[in-house]
Amino acid sequence: QVQLVESGGGLVQPGGSLRLSCAASGIIFRNADMGWYRQAPGQQRELVAVSSRAGSTNYVDAVKGRFTISRDNAKNTVYLQMNSLKPEDTAVYYCNADLRPLTARDFWGQGTQVTVSS
């Protein structure tokens with residue numbers, strides 16, 4: 001019943017911007033730590049940014065100053081604003097919702113492709 005639906009991925013030139021959205025249903029959104037992860041071909045999935053239920057945000061060093069995570073609890077939606085994009089940002093980006101210990105596991109979206117290329 002839990003569903004995370006992502007949108008906003010696509011092809012963009014280096015230096016460009018993209019805004020990803022993740023709409024959640026089937027969860028009490030305000031009780032979730034919401035994260036964006038990414039996975040490049042042949043690479044491990046890595047945490048890019050997190051917006052905690054307590055109101056804090058954190059970023060992997062590689063995107064600090066360029067990416068901004070935000071959330072709208074009224075819309076059950078988390079966003080990732082990506083600016084100054086680099087080719088190394090190319091990956092499938094996944095939305096994650098973590099309500100533990102309220103739930104037994106966390107939840108994942110289907111992923112959306114972001115390609116940064118000239």
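Among the residues of region 15-26, is any more than 14 Å from the chain's Cα centre (by Cα), under 19 Å from SER117 (Cβ atoms) and open to solvent by less than 60 Å² (accessible area, probe 1.4 Å)? Among the residues of region 15-26, at least one is more than 14 Å from the chain's Cα centre (by Cα), under 19 Å from SER117 (Cβ atoms) and open to solvent by less than 60 Å² (accessible area, probe 1.4 Å), which makes the answer yes. Beta carbons closer than 9 Å, at least 6 apart along the sequence or on distinct chains, never pair a first residue in region 45-67 that is touching a residue at least 60 places away in the same chain (Cβ under 8 Å) with a second that is among the hydrophobic types (A, V, I, L, M, F, W, C). Kindly list the number of the only condition in (1) open to solvent by 50 Å² or more (accessible area, probe 1.4 Å); (2) touching a residue at least 60 places away in the same chain (Cβ under 8 Å); (3) over 18 Å from GLY16 (Cβ atoms); (4) of a type outside the set (Lys, Arg) that fails for GLY109. Evaluating GLY109 over (1) open to solvent by 50 Å² or more (accessible area, probe 1.4 Å); (2) touching a residue at least 60 places away in the same chain (Cβ under 8 Å); (3) over 18 Å from GLY16 (Cβ atoms); (4) of a type outside the set (Lys, Arg) leaves (1) as the failure.
Do we find a residue being assigned to a loop (DSSP other than H, G, I, E, B), in contact with a Lys or Arg (Cβ under 6 Å, 6 or more places away or on another chain) and in contact (Cβ under 8 Å) with a residue 12 or more places away in the chain anywhere in region 70-89? Among the residues of region 70-89, at least one is assigned to a loop (DSSP other than H, G, I, E, B), in contact with a Lys or Arg (Cβ under 6 Å, 6 or more places away or on another chain) and in contact (Cβ under 8 Å) with a residue 12 or more places away in the chain, which makes the answer yes. Candidates ALA97, ALA49: the one that is assigned to a strand (DSSP E or B), farther than 30 Å from SER118 by Cα and open to solvent by less than 50 Å² (accessible area, probe 1.4 Å) is ALA97. Checking each residue in region 1-14 for being outside any loop (DSSP other than H, G, I, E, B) and open to solvent by 30 Å² or more (accessible area, probe 1.4 Å) picks out GLN3, VAL5, SER7, LEU11.
Can we say VAL63 is under 19 Å from VAL5 (Cβ atoms), open to solvent by less than 60 Å² (accessible area, probe 1.4 Å) and within 15 Å of the chain's Cα centre (by Cα)?
Spelling it out, it is not the case that VAL63 is under 19 Å from VAL5 (Cβ atoms), open to solvent by less than 60 Å² (accessible area, probe 1.4 Å) and within 15 Å of the chain's Cα centre (by Cα).
Would you confirm, using the coordinates I've provided, whether SER118 is open to solvent by 10 Å² or more (accessible area, probe 1.4 Å) and within 11 Å of CYS22 (Cα to Cα)? Taking the combined requirement at face value, the residue does not satisfy it. Total residues in region 30-46 satisfying the condition of being open to solvent by less than 70 Å² (accessible area, probe 1.4 Å) and over 21 Å from THR115 (Cβ atoms): the figure is 5. Per the conditions (1) loosely packed, with under 14 Cβ neighbours inside 10 Å; (2) assigned to a strand (DSSP E or B); (3) of a type in the set (A, V, I, L, M, F, W, C), the sole criterion not satisfied by ALA54 is (2).
The values are calculated or read from the model by the stated rules, or taken from the named source; none is laboratory data. Every value quoted in this text rests on a predicted model; they were computed, and no experiment measured them. Methodologically, a virtual Cβ is constructed for each residue, glycine included, from the backbone with ideal geometry; neighbour enumeration extends over all protein chains shown. Please note that ligands, DNA and RNA were not included when accessible areas were found on the heavy atoms of the full protein model with its side chains. Shrake-Rupley method; radii C 1.70, N 1.55, O 1.52, S 1.80 Å.
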